[in-house]
Every structure is written in structure tokens, then in C-alpha cells.
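Reviewing the structure listed below.
The values are calculated or read from the model by the stated rules, or taken from the named source; none is laboratory data. Here the structure is a predicted model, which means the values were calculated and not measured. Using ideal geometry, Cβ is built from the backbone for each residue, glycine included, and neighbour counts are taken over all protein chains shown. The area values use the complete protein model at the heavy-atom level, side chains included, leaving out ligands, DNA and RNA. Shrake-Rupley method; radii C 1.70, N 1.55, O 1.52, S 1.80 Å.
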Protein chains: 4
Amino acid sequence: MGILGASGYGGAELLRLLKAHPEVELVGFSSRKYEGRPLEAAWPQLWDGRLFAAQEEVLERAEVVFLALPNGLSMEIAPEALKAGKRVVDLSGDFRLPPEVYEAWYRIPHKSPDLYREAVYGLPELHREELKGARLVANPGCYVTAATLALAPLAAEGVLKGAFVVGLSGVSGAGREAEGTAFAEVNENLKPYKAGGTHRHIPEMERNLGRILAQGRRVRTHGEARAVRLSFTPHLVPMTRGILVTAEAEVEGAWSQESLEALYRDFYAGEPFVRVLKGLPETKATLGSNRVDVRPLYEERTGRVLVFAALDNLVKGMAGQAVQNLNLMLGLPEETALPKEGLWP
Amino acid sequence: MGILGASGYGGAELLRLLKAHPEVELVGFSSRKYEGRPLEAAWPQLWDGRLFAAQEEVLERAEVVFLALPNGLSMEIAPEALKAGKRVVDLSGDFRLPPEVYEAWYRIPHKSPDLYREAVYGLPELHREELKGARLVANPGCYVTAATLALAPLAAEGVLKGAFVVGLSGVSGAGREAEGTAFAEVNENLKPYKAGGTHRHIPEMERNLGRILAQGRRVRTHGEARAVRLSFTPHLVPMTRGILVTAEAEVEGAWSQESLEALYRDFYAGEPFVRVLKGLPETKATLGSNRVDVRPLYEERTGRVLVFAALDNLVKGMAGQAVQNLNLMLGLPEETALPKEGLWP
Amino acid sequence: MGILGASGYGGAELLRLLKAHPEVELVGFSSRKYEGRPLEAAWPQLWDGRLFAAQEEVLERAEVVFLALPNGLSMEIAPEALKAGKRVVDLSGDFRLPPEVYEAWYRIPHKSPDLYREAVYGLPELHREELKGARLVANPGCYVTAATLALAPLAAEGVLKGAFVVGLSGVSGAGREAEGTAFAEVNENLKPYKAGGTHRHIPEMERNLGRILAQGRRVRTHGEARAVRLSFTPHLVPMTRGILVTAEAEVEGAWSQESLEALYRDFYAGEPFVRVLKGLPETKATLGSNRVDVRPLYEERTGRVLVFAALDNLVKGMAGQAVQNLNLMLGLPEETALPKEGLWP
Amino acid sequence: MGILGASGYGGAELLRLLKAHPEVELVGFSSRKYEGRPLEAAWPQLWDGRLFAAQEEVLERAEVVFLALPNGLSMEIAPEALKAGKRVVDLSGDFRLPPEVYEAWYRIPHKSPDLYREAVYGLPELHREELKGARLVANPGCYVTAATLALAPLAAEGVLKGAFVVGLSGVSGAGREAEGTAFAEVNENLKPYKAGGTHRHIPEMERNLGRILAQGRRVRTHGEARAVRLSFTPHLVPMTRGILVTAEAEVEGAWSQESLEALYRDFYAGEPFVRVLKGLPETKATLGSNRVDVRPLYEERTGRVLVFAALDNLVKGMAGQAVQNLNLMLGLPEETALPKEGLWP
């Protein structure tokens, strides 16, 4: 097991989870910024003594490589790694969308369009079968995971017509070196950003839900997808971790609170990391865990369906999901090394 | 000038603003909990030396009385105060809704239904003329002020069909003695509450917008109103002050970003406390001020209109608005003693 | 394994750690407030389905009982539990001080003064040998653990003359039902409390350091102690978890930064949960872990020694230390089920 | 009135206070970064429409100039401004220390050593007489103001022998572009920094107290000073504004809580911005105000004196004090435009 990009927040969570994984060995981790320096230089919470290695060294030693790099780099590294017989879990956006869609939203020319056809979309609740044995996994991010899992039961039932999705995220979602995240200006502050249909996770949400609408419960990454239109408005919330998605869905057919809850409970029955609540979710309850808490609510006054989904953006929304995918790829029990319960308070 | 209920957060802001008001004198303030004790016993930020008086004493000495009391008390106190020739600004919900609607949503029997017919709704941007000379003002709260001002231009234009309104509030909105606001469980946490159409500010928002739909720009409290249906989902955000309303409105007609901005700029032209932004608002920019920052956004992908409105829930959403109403009632310049600019950071 | 008092913050951390412990079985947990209700009623972060049991039932089923109760209750429960052949880890202050000192500082009459003679003081770094096989362990709290470990090397060297200790604590240290912890008044606020020598953890700190001064490195709970006088000033910091102790020690003899660091490194060499840093500690680096980060600094200008110690008040300062004691009592590897690394960010 | 450096936090507070000042006119403000752009580009809380001017223009138009610039720039600008007949309030460290001390601690060669002899130290509570009519004022910063005012009564009494001073600061004290202040790593975190006698405000604290020890109550900037040795350990606290200084002073003579309180009350009697409390101070109580809250405590156990002082680091610790100095320089009432009461919560 190796990690490229181990000095970002996704890297920190991968380090935490993989160091405690009983079935795999972490043979190396790299970071351009910290190469040759001890792990503690980047991460005061860790106590290890090992040094950040060179990227090439990690690629050579590891059998499975996690790419926790900025968008645009994985498409350069993944082809070689796969050629060398490695398996890859990519945490960037590089293999999540068809190359032409990717290029339109990310404004980065795609260098490995062929590889996209091989990538499996890493949302285990929907793509579990495909992920077993996958060589290249495109691990989705926090907003998309939350929004997709919030609306998937409605899509699988074929009743989802559209949704107004509000995303509320802690600051760590912006990454370690993000601009505009100075404490004094983020604390005691709340603001929308990239509003009006400009956030690049929109096409991924629409694609996910469109695939379920077309294929039903168990979907194939490269199978058919229907068109579905979402509005998505992200906000920055003055907290470090946690994502909440609040979605108002327009649905077909006659629903009640009972039938809605039954739909969600059936859909997620047996899922190890999705909990359908009877009350409203709160982000803190997922802190440090790989769990998603979901709550659907039928709103009599408007005939719409409200759904809330809360998760830890660095775990189920990033590194935890990557480890869940790893477990599936290697045929290990899916829950290995992944906490289902959080830290409180 | 007198304040009943001066030991709550609304009271604290009234004290701050009225003590600095050059045209009125604060002759007394009361609090059942602190009666006879110095102001500093309740409020470490104040430095005054005066004592909390008895409620009766304040009522006797003051010509205008602010009622910053829990719902259900103003309807008992206001009639006597008015009879004694006083004027009243009521910060509770007691006189904001027709008694039968009030009783349905607040589950408190209304004791002064007749007085409701005399109360003027205290949103100066819409009811300015009515407020001049009013004897009893029903001062609206934070969510309603933000949501109404966010959507009023669309309603006045007659194109508002409905809206999905998400409310995001700092914790002080719950009041000083609220349950469930312990730091360790609110900090680093985000959660919806009273979701699914149960929040009692919903009928007030619908009534406000319905009046504008029926009457246009300058509305009368007891004039005609049309029906309009809103969805409203409030959330608790880990910060002390600040409200952001994010609304997705369904509108009639053909709109563009330009025509939408023109509508909002025209509607709020000359308003001393409403700023129509070119960028996205953030709550911190309104801290301590009586300003509302508004931003409309036309969303091409969905044909819907997004509107954001940010304000300080204890100022424009409570005590500042009450002082603005006072200024209008007394024929003083509307902006007296009300900051238009905030504290940063 | 059983927990009494499982609905407080210490209980939550015990539940988290014990549920993941591979060598022991959690057979029950109780809370007067939640008896008969599911675990999730008290703890949204947990996902279990089991119910809070009656206290008697837990006492009967468990072989080792953790008492996470308010001061004054353990002295009633412990005698019976021990009589029934159980072992007890007590997280309260009941068995940490000689009964006469306890009564003077806690103002609670001590009901089991004899049992105090049998209790072993649960600070593994100093009392490891004694703890093996102990029947009743008095688990110290957060401030005392941090202050003792910060100054122990100086005491063991015999050079500690006195110290000015400043304690800085996150809000969870006050417990789940503490007064004066409302978010709106604690956030963006910082304040000292119980200043001027009135905090009841002072005699425990003085006793710990006095024992080391008299006995050296490995101390016996009921062995000799010398007098040493500390000043201790606690402060409440607007964060949930984390304690930092900043101590200025007056010392005998000639010291340099080098000799001071050597002393600390030698003293804590091999300790699994104490890390002597080369830089300054920060509380967040210990989040969720059982680690203490310590840094001594020789201050040339004043000839004094500054020492910093940071830990997670609910883990090494409470529940983690209790599990560490459990491991020693049962002869298990001391580090079992205890994270040495934290969550970041 | 003009401000150079109006895009930093000190500049923001100067803008807020000076725009509301009834006796002076703000004729211009500059910022290299924002020159030619509207005020709102830098400051979302302001609503003005004016543009940031060029530095030269501000210097030409204003009669009094506030220099809110990084250390090292004021010593270049001040000489010319004074030559042109302007008066200067300098918020940097350039004129606070004798040039040779400045060079040793700031490691910047001093370019206007002669001007230092003319500068008056801008702490009104001690230098009030000197400040009237001053042409160049060296405005002290937050830690120094708090520590000096905390210990000044003991120094004036001649009994201060030394002190261990702990500084606890909100993040805004580090400035707008400070490194290491990312929300995700500062929030829920607490850490010391520049510990061990390395913080450059130490010589200024020692000089202030040394002057009082030598000269008594009313001191002259360039008068005699005695030597006094302090330990000072600053910490970063996860909040935006607010400074608390906790000092343990070693004193001569016999003291009691009563005699100590009497000393402080006498010393600060009549001071408009210093409040001697009967309880413990908290930083939030000073938010947005120019007030300092002070509390001395005699600690019987150790014979030492504990003193706490809380203030808003951007107001009394920076811009408010500068305006207080301005008022004195111009012969205006000292309290003009300066709030004595804070915002709560």
C-alpha cells in the first residue's frame, strides 16, 4: 500500500486508516513538499519516525497506490502505475467523468481518455459488484457522495424528477492550502460559494442519479444514464469537518412519510455504512467515522420530499471511502479498518 | 424609552443601541430574573451601574416601551400600556399574525385579538408609511425579515410562484436560555431542525409575500393578501450571530441575470439598510450592523432564481429593526443610532 | 466489562474505546437518565441498538466496572462491587486523595475511608507496577495528569521547588450538563475560573509531585510524600476537547536547554503514550488519542523552566487512561485498544 | 485624517472608528494592494463607495496620519510627514523602543533613530499629559497594553519584583496575511508560540514597568527606567478577537485581597476605559469596545499576586487606543467616538 500526496488532508486520513489496517502494509508515502523529511514535519498528530519517500519509490514498492493529488496529475501517473501491474485508487476528479465532460467543467485537457473506460466509479453502495477486482477506481468526493446517497432511493424507484440541493461544508473540504480560509475571516461566518450552477461536482451528481434512473439499484459505471437536472448551491460553514446535504426533491406519484421511510429503509437495508435515521442528522455524529446518516421527510404542505444526508467529508467523503473501495478490490471484508461510529463531542 | 425583558439577547442589543441613541432617553429596563440587581450582573459587556427596575416602574416611566419577552406575555402587557398612553414596540410573535393563525401555530390562546387590528407590521422597507405614528408595532424576527426581503422584489413584480427556503442561523437566535445549545455539542456541528413545514415563522413569511403579491410595493398590514406556498427548512450553524437565507424561487416569465439584478436594484434603491451586492453575501459582513446584504442569481440550468440574504439576527433581525421602527414612529431620521457597517473580523 | 454513568462524556469515550477493545467484552452500561432506552437516544454518534441497562444489572454481569459518576457516588458503590469480587476503575475524585483532604476540598463526607488505603492511583507512567493486579484504581483527571507529567521529571530529579501552573481547557472538561457553557457565551470567549488557589485538583497535583520528590521515579500510592506548593490557574478556552498546561517551574541547580531535554527524554524513554517534542505542543495533535505531548524549555532570561503538556482531556485525561489502567490490571499489553495518534484536522 | 495601510485588520478598525468620529474627517485611506479599488473590495462589512487612494495623496491631504503598516516602514514615512507639518500616530513597533533595543529584537536597522527621541509612548493611562500636543505617537500593541495595565499599579507602588506573564490571544492578532492561521488547523486547537523569552514585546513590557517603577504614576517616555525582568509566554487561542493576560507577580510587602483591590481601584479611579472588576474578566465582554477589564487576586497559598486583564486586541490593543491618542493630541474629549461597552453575545 502506498500514498502519493500524503501531506494533504486526504493523505492524513489515509495514513490514519491504513496504519491501523490489519490486512495491508503501508510501504511508503510521498509528498513533493516534504520529501525526505519525517512524517511529523507535516503531521503533528502522527508519531511514526518514517520519512516521506520519493514518489517513484512509493510507486515501485506498493502494490496498490492511493493518489491523493490535485486534479490533473492522476491522469499522468495512473497509466504507468497500471502498466507496472499496480492497482490504483484515485481520489481526484480525473476518472470520474467522461473525458469530454471533465474537460468542459475542469478546464484541464484529459491525457488518459482511454483509461476512463476502465475506471470503476467508487461508490460501494451502488457499484459494489463492479468494484470487486477493479484495477482503477475513481473515488468520489464528499458533496457527490452525500447528494447521491440522499437521492438514490428516489432515483432507483424511478420517481425522481429533479432536486434543489443545498450543500453545507466544513472548511477542511477546501484542502490544506486553500485560499480564503483564514480563521479570522471564516470563523463566525457563513457564505455560499460557486452558486448558480457553476460547481463542478454538478455533472457528477447528475450522472450518478441519471445512471440509477436508467439502470436501477445496482449500476455499472459505463452503463446507460438518463438526463436529470439538479440545482446545487454549496456553502462554507465555520467548522472543520462535516458535510450536510439538504435536498428538496420533486417526485412523481403519491407519497406519505411512511411509504418514504419504508423506501429508504429497504434500499439501505444491510448497508454497513448507511444509517437511515428516525430523527434529523447532525454532522458531528459522523466525526471520524465512515458512516452516512440519512433522513427523508415528506413535506405535506408542498408535496415535495426533503432529504438530509450527513457525513465526515474526509472519511466517507474521501479517505474512508477509498479504503472501503480497497477492501472490495482486494476481496477483504468491506468494513475492515473503517469505524462506523464517531467521536463525540 | 424602556425595555421589558432586558436580560435576553434582544434586550442586550436594545440596551446597546438605545444607550447610544442621541434623541431618546433610556429611563428604565426590567428583567424578572435580575430585578434590583446591577446591569453588570446580567451583562458583563456593559458598564453602567444602574439597576434592573421592576416591570411596573419601567411601564410607568417610559413613553415608548420595547417588549422583549417570550411569546404570550406581550398580549397581556400591551393593552394596559396602550391604555396608559404609551407606545409599544413588541419583539414577540404576539401581534404579527391574525389571532386564529397565531393560535394554530403557537398553540397559545390569544388574549388581545382586537389589538391585532391596530398593530402595524414592523418591516420598514415595506410598511414605512404605516409605521409613522403607529402606536403598536409588531416587530418581525430574523428568518422572516431575511426571507421576506430576499423575495419581496419578485413578489412585487408579481412573478413569484413559490420558493424553497433554507434558513441558516447562528446559535444566538435560539435565545439565552435555550436547551440543546451546549458549546461542546453545537461547536463543530451542523444540523437541520423543525424541518418539514413545522417552523412557526412559515405562515408569517407566506403572509408577507402574499400581501406584496396582492398589494405591490407599499403594503398595508391589514390589506389584502394572496396565497403563496413556501417550503422552509432551518438549520443551526456553529456560530453565535448571523442568518443566511438561501432561497430558490420558481418564477413566471423570462428572466436573465441582468433583468433580475435591475429588478432588485430598483426595488431597493435608496433603502438605507438594504445593500444589493454584485458578489455573494457572507454573514460576518453584517456583524453588529442593521444592514441586510442581498444577492439574486438567475440559474440558467434550471430556470429558477436563487436569492441570498444575510443579516445580523440580533440587529436587523431583532433589536436594530425595533429601533428603526421607533425612529419611524417618532418621526426621527430612520437611520438614527443604527450602524450600517459591521465589525470585521 | 461494564460502565456506570455511560451518558456523560467520559462514558461516551469509554464506550468508543471498549467497544473496539479486542480482549474484553462490554456486557452492559447504565445511566439513570436513559435506563431502558437505546444507546442512540443519548449518543447520536453510536450505532448499536443495545439499551441502557439498570445499574444493578451492570454491576452483576461485569467483572470489571468503570465508574464514570459524579463525585460522591463511587464511595457508595465501590465497596459492594469489591465485596462481590468485581474490580473497579473509578473516574471520580473519590479515591484519589486521603479522606480528610478529600473532605476539605470536595466538601463531601467520605463514606469509605478504609477503601482509600487499598486504591491504587491510576497514573501508569508513575504507578505501573502497583497497577498490575490492582482491585480498585483511582483514575486521575485531565489537569492533574497533564500537570503531573509535565513536572514529574523535575520532581524525580529532586530539583523542583515550586511552579506556577496555568491550565487551559476545552469546554467538554466541564461535563455534559455543566452550567455556563452555552455556545453563544463561550464561543469567541476566553476566561479564567476558580482562580486564586481554589480549584480542587490542586492538592492532587501537589500530592503527586510531592510523592515523586520523596520516592523518585517509581512511586507507591501510599508511600511517603514531601510538601510542594503550586499555584494553579485554570481557564476555559472556546474549543470542545483538549487541555494544555503551561508551567513555569522554579528549580535548583544549573540547567541548560540541552540538559533539560536530556532529562525529559530519559525520563520518558519507552513510554508508549508520552512524546517529548522538539517543538511546541498543540492540543489538536492529540485529538482522540491517548498521547501526551510534552516540551520543556529552559528560559535563560529568568533561570526558570517552562514546560508545556498537551493531551485530549477525554482520552488520556479520562477514559483512555482508564482503559490503560484496565490493561495493566488485567495483564494485557498496555497499549491495547488505545490510539497513539490523533485525528487531524 | 488619513490612514496608510487600510487593508489590514488595524486599518479596518480605524476605518470603523474614524468614520463615526464626529470631530474629524477621514479624507483618505490607502493600501498598496487595493489602490484605486473600492473600499468594499477589501472590506465586505463597509458600505461607502470611496476608493483606496495612493499613499502620497493621503499623506498630502491629511493633517493627522495613522500608520498601520508592517514594522520598518513607519521609520521611512514618518520623517517626511512630520517635515510636511503633519502629525503621526504610528501603530507599528518602530518608535516604541530605543533604536538599539529595537534593532536587537526586530532585526531591522533603524532609519530614524533621532525621531525616537521625539516620539511619545501612546498609553494614555500612563502618558496622558505628554500626549496632549504630541506630534508623533508610538501606539503600543495588544499584549503590551494588557500586561502593562495589569501590573502598573504594583509597579507604581514600588512593590513589583518580577512576573510570569501568560498571554492568550485570538487569531486576528497575527494580522490578515499571517501564515499558519488556516481555519482547519487553528480551530479546536490551542498552542503556545514564541515561548522561552523570544517574543519581541518583552523588552517593551519591561521598559514600561521599569519606567513606572522609577517614575511612579505619571511617566515620561524618555525619563528614567529601572530594570525589571519578566517571563512572557504567548498562546494562540481559537477565537478571532480578544486578549487575556494572566500574570503572577512576585511582590514585596504584606498584602491581602482587600489592600490589593484598594490599590487597583485607586490607581484606575476615573479612568474612562479601565474597569477594575470584582469577578474574573472574560474577553468577550470587551468585544468591539476600547475597555480593559482588570482583576487582581491575592493568592494566600503562595503569597503571589495574580492579575488578569482582558481587552479587544484590535480596539484598546490597537485602533481604539490610536483614536484615544488622537483625541488627546487634538485636545478633544478623550472618549470621543470610542465605545466603552461591548457587543454580546
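Kindly state, to the nearest 0.05, the FRET efficiency for D:Arg50 paired with C:Ser256, given R0 = 45 Å and r defined as their beta-carbon distance.
Once rounded, the FRET efficiency stands at 0.20.
Under a crude label model (7 Å from the Cα following the beta-carbon direction), how far is B:Arg107 from C:Val27 in nanometres?
Each label point lies 7 Å from its Cα, and together they span 4.4 nm.
Do you know the relative contact order of the range D:120-208, to the nearest whole percent, from alpha carbon pairs under 8 angstrom that are 6+ apart? Could you put the intermediate results ahead of the total?
Values: 37 pairs, mean separation 22.6, N = 89.
Reported as a whole number, the value is 25 percent.
For the charge dipole of the range C:43-98, defined by +1 on Lys and Arg C-beta atoms and -1 on Asp and Glu C-beta atoms about the Cα centroid, which residue among C:Gly85, C:Phe52, C:Pro70 has the Cα displaced farthest towards the positive pole?
C:Gly85
Compute the acute angle (0 to 90°) between the alpha-carbon long axis of helix B:142-156 and the principal axis of greatest extent of the alpha-carbon atoms of chain B; round to the nearest 10°.
For helix B:142-156, the angle is close to 40 degrees.
Suppose we compare each residue of the range C:246-288 in its chain alone and in the full protein complex with a 1.4 Å probe; which ones drop by at least 30 Å² of accessible area?
Residues losing area: C:Thr246, C:Glu248, C:Arg275, C:Leu280, C:Glu282, C:Lys284.
Rounded to the nearest 5, what is the percent of antiparallel bridges among the DSSP beta bridges in the protein assembly as shown? Working shown, then result.
Numbers: 110 of 218 bridges.
Of those bridges, close to 50 percent are antiparallel.
Let me know the charge dipole size of the range D:142-313 about its Cα centre in debye, to the nearest 20, where only the beta-carbon of Lys, Arg (+1) and Asp, Glu (-1) is charged.
360 debye
Using the Cα centre of chain C as the reference point, and only Cβ charges (+1 on K/R, -1 on D/E), how large is the resulting charge dipole? Debye, rounded to the nearest 20. Don't jump to the answer; show the numbers that get you there.
Numbers: 40 positive and 44 negative charges, 31 e Å.
Roughly 140 debye, rounded to the nearest 20.
Which residues of the range B:204-244 bury at least 20 Å² of accessible area once all protein chains are present, versus their chain alone (1.4 Å probe)?
Residues losing area: B:Arg229, B:Ser231, B:Thr233, B:His235, B:Val237, B:Pro238, B:Met239, B:Thr240, B:Arg241, B:Leu244.
Over 18 Å between Cα atoms, which of B:Lys33/C:Lys33; C:Lys191/C:Lys316; A:Lys191/B:Lys191; A:Lys278/B:Lys194; D:Lys83/D:Lys111 qualify?
Details: B:Lys33/C:Lys33 29 Å; C:Lys191/C:Lys316 24 Å; A:Lys191/B:Lys191 16 Å; A:Lys278/B:Lys194 14 Å; D:Lys83/D:Lys111 15 Å.
Listed pairs above 18 Å: B:Lys33/C:Lys33; C:Lys191/C:Lys316.
Which lysines have a Cα less than 22 Å from the Cα of A:Lys161, not counting those fewer than 8 places away in the same chain?
Cross-link targets: B:Lys161.
Nearest 5 is fine: what % of DSSP beta bridges in the range C:1-91 come out antiparallel, could you say?
In the range C:1-91, approximately 10 percent of DSSP beta bridges are antiparallel ones.
Is the shape of chain B best called rounded, prolate or oblate, per the rule: a/c under 1.5 gives rounded, else a/b larger than b/c gives prolate, else oblate, with a ≥ b ≥ c the square roots of the Cα gyration tensor eigenvalues?
Prolate is the answer for chain B, as a/c is 1.5 or above and a/b outweighs b/c.
Can you give me the angle between helix C:74-83 and the longest principal axis of chain C, using Cα atoms only, in degrees from 0 to 90, rounded to the nearest 10?
For helix C:74-83, the angle is close to 70 degrees.
Given a 1.4 angstrom probe, what's the average accessible area per residue across the range B:48-140, in square angstrom?
Per-residue accessible area for the range B:48-140 comes out at 41 Å².
If you place +1 on the Cβ of every Lys and Arg, -1 on the Cβ of every Asp and Glu, and leave all else neutral, what size is the dipole of the range D:69-176 about its Cα centre, to the nearest 20 Debye?
Numbers: 12 positive and 12 negative charges, 42 e Å.
Result for the range D:69-176 is approximately 200 debye, rounded to the nearest 20.
Tell me, what is the per residue accessible area of the range A:216-257 in Å², probe radius 1.4 Å?
Using a 1.4 Å probe on heavy atoms only, each residue of the range A:216-257 averages 35 Å².
Taking 8 Å as the Cα distance limit and 6 or more residues as the minimum spacing, I'd like the relative contact order of chain D as a percentage. Don't skip to the answer; put the middle values down first.
Numbers: 773 pairs, mean separation 62.4, N = 345.
Once normalised by length, the contact order is 18 percent.
Hey, for A:Gly331 with labels 7 Å out along Cα-Cβ, what do the inter-copy distances come to in nm, ordered shortest first?
4.0, 9.1, 9.4
Count the net charge of all other residues whose Cβ sits under 14 Å from the Cβ of B:Asp90, scoring Lys and Arg as +1 and Asp and Glu as -1. Before the final figure, lay out each step's value.
Values: positive: B:Lys86, B:Arg87, B:Arg96, B:Lys111, B:Arg135; negative: B:Glu76, B:Glu80, B:Asp94, B:Glu118, B:Glu204.
Neighbourhood net charge equals 0.
Using only Cα atoms, locate the centre of the range D:89-166 and the centre of the range B:218-263, then give the distance between them in Å, rounded to an integer.
Cα centroid of the range D:89-166 versus Cα centroid of the range B:218-263: 53 Å apart.
Quick one: compute the contact order of the range A:39-147, relative version, from alpha carbon pairs under 8 angstrom and 6+ residues apart, as a percent.
Reported relative contact order: 23 percent.
With heavy atoms of protein chains only and a 1.4 Å probe, what residues of the range D:133-172 have at least 40 Å² less accessible area in the full set of chains than alone?
D:Phe164, D:Leu168
Would you mind telling me which residue in D:Glu188, D:Glu206, D:Glu76 has the biggest mean-square fluctuation in a Gaussian network model of chain D, where springs connect alpha carbons within a distance under 10 angstrom?
Judging by the Gaussian network model, the answer is D:Glu188.
Count the DSSP beta bridges whose two residues both fall in the range B:142-312, then state the antiparallel fraction as a percent rounded to the nearest 5. Before the final figure, lay out each step's value.
Details: 26 of 37 bridges.
Approximately 70 percent, going by the DSSP bridge assignments.
Take the alpha carbon gyration tensor of the range D:142-313, find the square roots of its eigenvalues, order them as a ≥ b ≥ c, and report rounded if a/c is under 1.5; if not, report prolate when a/b exceeds b/c, else oblate.
Prolate shape, in that a/c is at least 1.5 and a/b is the bigger ratio.
Once the label point is placed 7 Å from Cα along Cβ, list for A:Glu250 the distances to the corresponding points in the other copies, in nm, shortest first.
0.6, 7.7, 7.7
Taking chain C as a Gaussian network, Cα atoms linked when under 10 Å apart, which of C:Asp312, C:Asp94, C:Asp48 shows the biggest mean-square fluctuation?
Maximum fluctuation in the GNM of chain C, among the listed residues, is at C:Asp48.
Per DSSP helix of 4 or more residues, -39500 (n - 2.57); summed, then divided by the residues of chain B. What does that give at 222 nm, rounded to the nearest 500?
-9000 deg cm²/dmol
So which lysines can C:Lys132 reach, going by Cα to Cα under 18 Å and dropping same-chain residues fewer than 8 places off?
C:Lys86
Among C:Gly197, C:Gly141, C:Gly93, which one shows the highest mean-square fluctuation when chain C is modelled as a Gaussian network with alpha-carbon springs under 10 Å?
C:Gly197
Probe radius 1.4 Å, ligands and nucleic acids ignored: give me the carbon and sulfur share of the accessible area of the protein assembly as shown as a rounded percent.
On the way: 20960 of 44020 Å².
Its accessible area is 48 percent carbon and sulfur atoms.
Provide the buried accessible surface between chains C and D in square angstrom, both chains summed, 1.4 Å probe, rounded to the nearest 100.
4000 Å²
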